[in-house]
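Shown next, in structure tokens, is the structure this report addresses.
The values are calculated or read from the model by the stated rules, or taken from the named source; none is laboratory data. It should be emphasised that the depicted structure is a prediction, and the values quoted were computed from it without experimental measurement. Reconstructed Cβ throughout: ideal geometry from the backbone, glycine too, with neighbour counts over all protein chains shown. Side chains included, ligands, DNA and RNA excluded: accessible areas come from the protein's heavy atoms. Shrake-Rupley method; radii C 1.70, N 1.55, O 1.52, S 1.80 Å.
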Amino acid sequence: MPALQKRRTQEERREATVRKLLDAATAALIDVGYAGASTQEVCKRAEVSTGGLFRHFPTREALMVAVGEDVGRQLLDEYRKRFDAVRGERDPLEQALRLVRESCRSRLNQAWYELAMAARTNKRLQKAMGPLAERYFDDISALAYELLPDLARALDEYFPIMVSTIIAVFDGEVVHRFMLRKPVVEEARLQLLLALTRDLVARAKK
């Protein structure tokens, strides 16, 4: 029993250290961007030695992939909770779109954007993040099928295309908002997406 208890304690310690590193790296990405989120910066924020970081993550890229995976999981978990909390209060399609927009604009999602932007010119990061991005967008699509089954049935093969298009639109909108914000246009854009999707559903039912 003492040996088993010791192993559990070591595992708990390891998990706590990894959690501190992931949280610190996420905050650094949001606060100072990918270029500023060095291993030294992450270690300072996490209060973990550089050696301690590399015991858990062999490279900076490995840490950032783990951050991306952790951020994606948190975003999807939060989205599901918020959707379930307001289910039935308004049209589910409109609710889904508004929550997607809010998720894209959230503080946490800024960490994902920093990784995506950095991967544009950092080939090592791009290679490391590629498989994760594929899994993440597959998980987004799976959640959409789970939460909007009627719409998925109505649109059939067009449904995943619709989901990825909406994500792309709101991702692009966030980038625009870094420098230019137009709330009236943004609301009109959401209404246009709703109208186009409803029109697509009506055509599919004919």
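Overview of results
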{"read-out": "Qualifying GluC sites (Glu not before Pro) for the stretch 33-106 [loop in DSSP, other Cβ within 10 Å: at most 12]", "value": "47, 89"}
{"read-out": "Accessible solvent surface per residue of the chain, calculated while the other protein chains remain in place, 1.4 angstrom probe, Å²", "value": "59 Å²"}
{"read-out": "Size of electric dipole in the chain: Cβ of Lys, Arg +1 and of Asp, Glu -1, about Cα centre, debye, nearest 20", "value": "440 debye"}
{"read-out": "Accessible surface of the stretch 1-132, 1.4 Å probe, proportion on carbon and sulfur as whole %", "value": "52 percent"}
{"read-out": "For the stretch 55-171, size of Cβ-based charge dipole, Lys and Arg +1, Asp and Glu -1, in debye", "value": "620 debye"}
{"read-out": "Label-zone membership for the stretch 158-175, site residue 85, 7 angstrom Cα→C-beta point, backbone N under 16 Å", "value": "none"}
{"read-out": "Span from the the stretch 121-177 Cα centroid across to the the stretch 60-82 one, whole angstrom", "value": "14 Å"}
{"read-out": "For the stretch 1-120, alpha-carbon Rg relative to the globular expectation (2.2 N^0.38 Å, N residues)", "value": "1.30"}
{"read-out": "Set of lysines with alpha-carbon distance to residue 44 below 19 Å, sequence-local pairs under 8 removed", "value": "20"}
{"read-out": "Reported label for calculated Cα extents along the principal axes in Å given (i) 47, 35, 34; (ii) 66, 47, 30; (iii) 72, 41, 31", "value": "(ii)"}
{"read-out": "Dipole-positive endmost among 49, 63, 75 within the stretch 13-79 (Cβ charges, Cα centre)", "value": "49"}
{"read-out": "Residue with peak Gaussian network fluctuation, the chain [Cα springs, cutoff 10 Å], from 196, 180, 75", "value": "180"}
{"read-out": "The chain: DSSP helices with Cα axial extent of at least 18 Å and average Kyte-Doolittle hydropathy no lower than 1.0", "value": "159-177"}
{"read-out": "Per-residue SASA entry for residue 104, accessible area with 1.4 Å probe, Å² rounded to 10", "value": "10 Å²"}
{"read-out": "Unit charges on C-beta of K, R, D, E only; dipole of the stretch 63-109, Debye", "value": "120 debye"}
{"read-out": "Per residue convex hull volume, Cα atoms of the stretch 71-158, in Å³", "value": "102 Å³"}
